[in-house]
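Structure first, then comments.
Please treat every number below as a calculation from the coordinates, not as lab data. What you see is a predicted model; the values in this text were computed from it and never measured. As a convention, Cβ positions derive from the backbone with ideal geometry for all residues, glycine included, and neighbour counts pool all protein chains shown.
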Amino acid sequence: MLYAHTVDVVREAEGALMARLPEGVLMRRAATGLATECIRLLPAVYGARVVLMVGSGDNGGDALYAGAALARRGVAVRALTAGSRVHQEGAAALRAAGGRVRAFAGSDADDSDLFGADLIVDGLVGIGGRGGLREPHAGLAAQAANAPAPVVAVDLPSGIDADTGEVAGYAVRADVTVTFGTHKPGLFVDPGADRAGAVRLVDIGIGPELPGASVLRPQPVDIAGLLPTPGAEADKYRRGVLAVRAGSDRFRGAAVLAVGGALRTGVGMVRYGGPERVVDQVLARWPETVAAVLDPRQSTDLEPGRVAAVVVGPGRGTDPGDADELDAVLDSDVPVLVDADGLTLMSGETGRDLADRVRERSAPTLLTPHAGELARLLGDVTREDVEVRRLEHARRAARSFGCAVLLKGSTTVIAHPDGPSVVNPTGTPLLASAGTGDVLSGAVGALLASGVPVVEAALCGAYLHGRAAELVHGGAPVSASDLLHGLPLALAEVRADG
Ligand SMILES: NC(=O)C1=CN([C@@H]2O[C@H](COP(=O)(O)OP(=O)(O)OC[C@H]3O[C@@H](n4cnc5c(N)ncnc54)[C@H](O)[C@@H]3O)[C@@H](O)[C@H]2O)[C@@H](O)CC1
Ligand SMILES: Nc1ncnc2c1ncn2[C@@H]1O[C@H](COP(=O)(O)OP(=O)(O)O)[C@@H](O)[C@H]1O
Ligand SMILES: [K+]
């Protein structure tokens, strides 16, 4: 598991440790780790050319001390400073080691330094940054972005918000980010995560000072440990029965995809209930389904003991009958996943009663909105607001509805009113195609029915779904149906890694 802590927490931990150590020790540790990573990225050390972009705070100080270490190894190091101040001791150390320091002027000389570099180090701003980059920082970063050399960001790419991943203006795009002490949430969540490249963590000794993380990012081994393994005594009922209330005459495919997602993730039985033509189609594709033609108002298959979890909403419709069905599903005492049309039914003025039903439930509920659906559920933000501050809005929704929320999109975020948020490390923008969300709802539903706790089920389902997309065609476009072929590959890989 990888852990991330917010800026306030990092500063407090650093403060506690610094009080016990001689001045400058933490920065030396950070700079040594940074220099080591830079050396790994250089084709050869002696005679290599490194340009440092240096802002006025300690982030620039880290870059300058690392530059001094590189200069002592024979690297030609040039620092271009932006801003009114520069870390004096760091600049003196670099000069003493043979490096050069001068102010960025947007001139031909800067161009020639940047374009001649083997490596560019971004020490403009770190956790002290606020908002998008200002001038002259933004100008320097933009000029550097045109140069061919790889970029190493110090602590985080300058211009991304450390706590949220928001990019509110110009921000550096790094190939590698060397972060200190602990990860920052903005390195895990898009759009920030997309700017960070490969992230390397340098231990500066603050670990024992840190409290529990605010954001977690699981590794394959964590997923392997959470997936259910049927024991020798298993039977289909003990493995779990999932009820799927998806699809309608208008959207028949949603039912087929959700049922497929569940079957391919692994569950004892899927009970499907829906209109006759949809039942026919589900059975034609998945004859193992126990399917029944069902008036949406009927809920006989939800009687106590018959199912272990319910998925409701994908392609189901938003008619009054569908609202009645959602109401009946929420009345059950098993875990319920609400997706798509179910979320629309919960939104706005008319959805208030259903939203209250979610709040009143004692069994776990998981909402799986994309950014637009989450914006409608919250009612006071736009889709774009959600997309730039995913963690914050997913957490707000979890608190507001008193349940787990899986926010889909460029970074899938899982929030719960109690405990840290979790981000899913797998997936590809190729997943942005119609129907892939239906597969996800089935996959997560299967895990809920298997008895996996709600946050873990959401995480494992999202992980396998994202990995399925990465594996199935080796980077070529994937359709929602393709994902069903990818799920067994993802499961096999996770089990092998675990
Ligand atoms: N606090 C500590 O104990 C340690 C801090 N370290 C480094 O210190 C960094 C934090 O240093 P600081 O607190 O000095 O802050 P930073 O160096 O991250 O940034 C603060 C400076 O950037 C300017 N600035 C803020 N937002 C800007 C924007 N959008 N555009 C342009 N300029 C902007 C501010 O005016 C200020 O001068 C960490 O990210 C890390 O790199 C490391 O040396 C490890 C130890
Ligand atoms: N840019 C992206 N990068 C990675 N995954 C994405 C991106 N956009 C969407 N996805 C994923 O694709 C799936 C789309 O689900 P959803 O929006 O519900 O589509 P649908 O309703 O058509 O099934 C989700 O798993 C989501 O996380
Ligand atoms: K930086």
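Between beta-carbons, use under 14 Å as the cut-off and find the net charge around P429, counting Lys and Arg +1, Asp and Glu -1. Walk me through the numbers before you get to the answer.
Values: positive: K408; negative: D190, D194, E387, E470.
Within the 14 Å Cβ shell, the charges total -3.
I need the Kirkwood Rh of the chain: take the reciprocal of the average 1/r across all distinct C-alpha pairs and report it in angstrom.
One over the average 1/r among Cα pairs gives 24.3 Å for the chain.
Using alpha-carbon pairs under 8 Å, 6+ residues apart, how would you state the relative contact order of region 158-293 in percent?
This gives 15 percent for region 158-293.
If you line up the long axis of helix 320-331 against the longest principal axis of the chain, both from Cα atoms, how many degrees apart are they, to the nearest 10?
So the inclination is approximately 80 degrees.
Please give the peptides 151-157, 130-136, 76-82 ranked by average Cβ packing (other Cβ atoms within 10 Å per residue), highest first, as a rough proxy for protection.
In decreasing order of mean packing, 151-157, 130-136, 76-82 become 151-157, 76-82, 130-136.
Calculate the dipole size of the chain relative to its Cα centre from +1 charges on Lys and Arg beta carbons and -1 charges on Asp and Glu beta carbons; express the result in debye to the nearest 20.
Numbers: 47 positive and 60 negative charges, 256 e Å.
Using only the charged Cβ atoms, the result is roughly 1220 debye.
Based on the alpha carbon coordinates of region 220-497, what radius of gyration and maximum Cα-Cα distance (Dmax) apply, in Å?
16.9, 51
Over region 169-230, consider all pairs of different Cα atoms and compute the Kirkwood hydrodynamic radius from their mean reciprocal separation; express it in Å, one decimal.
Every distinct Cα pair counted, the radius reaches 13.7 Å.
How tilted is helix 276-285 with respect to the longest principal axis of the chain? Cα atoms for both, answer in degrees (0 to 90, nearest 10).
Taking Cα atoms only, the helix is inclined about 60 degrees.
For a protection proxy built on the mean count of beta-carbon atoms within 10 angstrom, sort 451-462, 30-41 highest first, please.
Working: 451-462: 24.5, 30-41: 20.6.
The packing order, highest mean first, is 451-462, 30-41.
Working from the alpha-carbon coordinates of region 2-215, get Rg over Rh, Rh being the Kirkwood radius.
0.94
Over region 360-498, what is the relative contact order in whole percent, taking alpha-carbon pairs under 8 Å and six or more residues apart?
19
Report for the chain the percent antiparallel among DSSP-assigned beta bridges with both residues inside it, nearest 5.
15
Name the residue farthest towards the positive end of the dipole of the chain from the options A171, S450, V338, assuming +1 on Cβ of Lys and Arg, -1 on Cβ of Asp and Glu, about the Cα centre.
A171
Taking amide H atoms as placed 1.01 Å from N in the peptide plane, list the residues 5 or more away in sequence, or in a different chain, whose amide H sits under 5 Å from that of V101.
Sorted by chain and number, the residues that satisfy this are A79.
Once amide H atoms are placed 1.01 Å from N in the peptide plane, what residues at a sequence separation of 5 or more from A309, or on another chain, have their amide H within under 5 Å of its amide H?
Under 5 Å from the amide H of A309: V241, A243.
Helix-derived [θ] at 222 nm for the chain: sum -39500 (n - 2.57) over DSSP H runs of at least 4, divide by residue count, nearest 500?
Taken over the chain, the calculation gives -13000 deg cm²/dmol.
Can you list, bin by bin at 5 Å, the percent of alpha carbon pairs in region 99-142, starting at 0?
5, 16, 30, 26, 13, 9, 1
Based on alpha-carbon centroids, what's the gap between region 218-280 and region 362-434 in Å, whole number please?
22
Return the Rg/Rh ratio of region 181-276 with Cα-based radii and a Kirkwood Rh. If you can, show how the numbers build up before the last one.
On the way: Rg = 20.9 Å, Rh = 17.8 Å.
On the Cα set of region 181-276, Rg over Rh gives 1.17.
Compute the signed sum of charges (Lys and Arg +1, Asp and Glu -1) over the other residues within less than 10 Å, Cβ to Cβ, of R396.
On the way: positive: R389, R395, R399; negative: D380, E392.
It works out to a net charge of +1.
Put +1 on the Cβ of every Lys and Arg and -1 on every Asp and Glu Cβ in the chain; which of A44, A375, C403 then has its Cα farthest towards the positive end of the dipole?
A44
Ranked highest first by average number of other Cβ atoms within 10 Å, how do 19-25, 245-251, 376-382 line up? Numbers along the way, then the final one.
On the way: 19-25: 10.1, 245-251: 22.3, 376-382: 15.6.
In descending order of packing, they fall as 245-251, 376-382, 19-25.
Amide H neighbours of R173 under 5 Å, at least 5 residues apart or on other chains, H built in the peptide plane: list them.
The answer is none.
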